[in-house]
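Engineer: Structure incoming, see below.
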Amino acid sequence: MKKYRVLRMAALLGVLILPGCSQGILEGIATKTAAPITEDDIEVAEAAENGTGQDSEGQIDTGGWRKAESPVQLPILMYHSISEGNGLRVPREEFRSQMAWLRENGYYTLSPEEAFLVLTENRMPSEKCVWLTFDDGYTDNYTEAFPILKEHDMKATVFMIGKAIDKGHHLTENQMLEMSRDGISIESHTINHLELNRMTAEQQEAEMVQSKVLFDHILDQDTTVLSYPVGRYNEESLRLSEEAGYKMAVTTEPGGASSDQGMHALHRVRISPGLSINGFASLIENASKH
Ligand SMILES: [Zn+2]
């Protein structure tokens, strides 16, 4: 129920959805705990509901899409930093060769909305599809990955940590806005990047709802995907993610993603540094089925 959801958000956030700079919202979130619903909150909730379209169900023309012959298994590639130094960082030249391989081999890169349709309707915009994702929202996603993605006209998704916006080696609000205007979706990696399976349901809910409100506000969008920090989640997380309004959530369970995993427990293919291009190719081919 949309109305219920809006009310829950208002209750969790107090009156923080009132106009203001997002930094203010974030600071508010950091100190705010769940509060009972008050008359003021209900007014805010109603204003939000009557306001301009949360419902940007991005109209995708699926006219030319093909029906898959068997249930789709989709490679959702998981990157973090595009740099060097540890097992989570993929050097720029390796990333560049991987993107070139995808393009040369006819892979289509999906937006979250397209990935949702591929997985739930078993239809594909192209014979070969991948969904590129980056966790944590490092600055190098903007300085290193973004130019390469643009060069190849590729879409990708960055899962940003709410509290890391404008901090240290992470994306700024302006970088996020620029990327989201140019094919890179910014989605949620919670506010505090803590392990959800160690939290109470209320704490998990706060992380999920507050980050959705934050990204909805900053990017003027309906944030639809959640990435569980450090891949940690439990049964409650699956339910809470759906209730918070996400259409999908991704994990770090290895392999291709399919709807039978549950749309809130989608598997991903981790891309580690030092992978040969043949190794990259077989990871993707093994995770694809349709
Ligand atoms: Zn992370």
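Here, each number is a calculation from the coordinates, and none is a lab measurement. For clarity, every value in this text was computed on a predicted model and none was experimentally measured. When we count neighbours, we look across all protein chains shown, and the Cβ atoms used for this are built from the backbone with ideal geometry, even at glycine.
Engineer: Full-extension gain between residue 139 and residue 202, please, as 0.36 nm times their residue separation minus the C-alpha to C-alpha distance.
Structural biologist: Working: separation 63, 0.36 × 63 = 22.68 nm, distance 3.11 nm.
The span from residue 139 to residue 202 would gain 19.6 nm if fully extended.
Engineer: Determine which residues of segment 157-191 fall in the zone a paramagnetic label at residue 150 would reach in this model, i.e. backbone nitrogen under 13 Å from the point 7 Å along Cα→Cβ.
Structural biologist: 175-184
Engineer: So which of 150/247; 155/247; 247/289; 150/212 end up more than 24 Å apart by C-alpha?
Structural biologist: Check vs 24 Å cut-off fails for 150/247; 150/212.
Engineer: How much of the DSSP beta bridge set in segment 69-287 is antiparallel, as a percent to the nearest 5?
Structural biologist: 10 percent
Engineer: Can I ask one more? Packing-wise, with mean Cβ within 10 Å as the measure, how do 161-171, 241-251, 131-141, 191-201 rank, highest first?
Structural biologist: So the peptides 161-171, 241-251, 131-141, 191-201, ranked by packing, come out 131-141, 241-251, 161-171, 191-201.
Engineer: So if each residue of separation counts as 0.36 nm, and I subtract the Cα-Cα distance between residue 103 and residue 121, what length gain in nm does that give?
Structural biologist: 4.0 nm
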